[in-house]
Amino acid sequence: MKWITREKIKVDRVACPWLIRQFIDPQAEFLFLPHDTDWSKIDDGMVFDVPSCELGHHGQDVSFNSILKKYRLNDPALILLGEIVRAADSHSRYPHPASEGLRWIAHGFSKLGLSDNEILKREFVVYDALYHQCKERSRSAPPSLFEIASQMR
């Protein structure tokens, strides 16, 4: 399936393709279109992380969180990774300590002059490593402040 989003990817628009390839659509093809695209006219693929789309930002959630919810991905490590992505991509009230490092990495990749597809190829390994660390941490960690606040909503 084609998955379509905005060009010049950073945190959420790298995390989402990683999530999609790993847990939803291993054969996913990603297309990166200009920011001024009329997203409502696209009907030959799944649009994500663009204004007014189902798999976009909603309230405190970034697109990664919207994808987790739509596809009912409840793995505690993915939930923790979603918390990190949310805080790195937005200004979360309860930021995870790893989020600032992820933001720095994403912005550093954007300065290398690589294509969006090349950034995905190179940065997926960062998300692989982060996911494995999240798996380890989620086995023994108490709930985070964000998880507690989310349960209260």
Counting only protein heavy atoms, what percent of the accessible surface of the chain is carbon or sulfur at a 1.4 Å probe? 54 percent
Along the Cα→Cβ direction, 7 angstrom out, place labels at ASP38 and GLN133. What is the inter-label distance in nm? 4.4 nm
Probe 1.4 Å, accessible area per residue of the chain, Å²: 56 Å²
Give the Rg (one decimal place) followed by the Dmax (whole number) of region 1-99, computed from C-alpha coordinates and expressed in Å. 13.0, 39
Quick one: the Cα spread of region 39-93 along its three principal axes, in angstroms, biggest first? 34, 24, 14
Could you rank MET1, MET46 by how accessible they are, 1.4 Å probe, largest area first? MET1, MET46
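Would you calculate a helix-derived [θ] at 222 nm for the chain, using -39,500 (n - 2.57) for each DSSP H run of n ≥ 4 and dividing by the full residue count, to the nearest 500?
It lands at -16500 deg cm²/dmol.
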Compute the Cα gyration tensor for region 78-128, then decide on rounded, prolate or oblate, letting a ≥ b ≥ c be the square roots of its eigenvalues: rounded whenever a/c is under 1.5, prolate when a/b is larger than b/c in the other cases, and oblate in all that remain. prolate
Within the chain, percent of DSSP bridges classed antiparallel, to nearest 5: 10 percent
In region 1-100, the chymotrypsin sites (Phe, Trp or Tyr not before Pro) that fall in loop regions by DSSP, at most 16 other Cβ within 10 Å: TYR71
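The values are calculated or read from the model by the stated rules, or taken from the named source; none is laboratory data. It should be emphasised that the depicted structure is a prediction, and the values quoted were computed from it without experimental measurement. When we count neighbours, we look across all protein chains shown, and the Cβ atoms used for this are built from the backbone with ideal geometry, even at glycine. Each accessible area value is taken on the protein alone, full model and side chains, heavy atoms only, with ligands, DNA and RNA left out. Shrake-Rupley method; radii C 1.70, N 1.55, O 1.52, S 1.80 Å.
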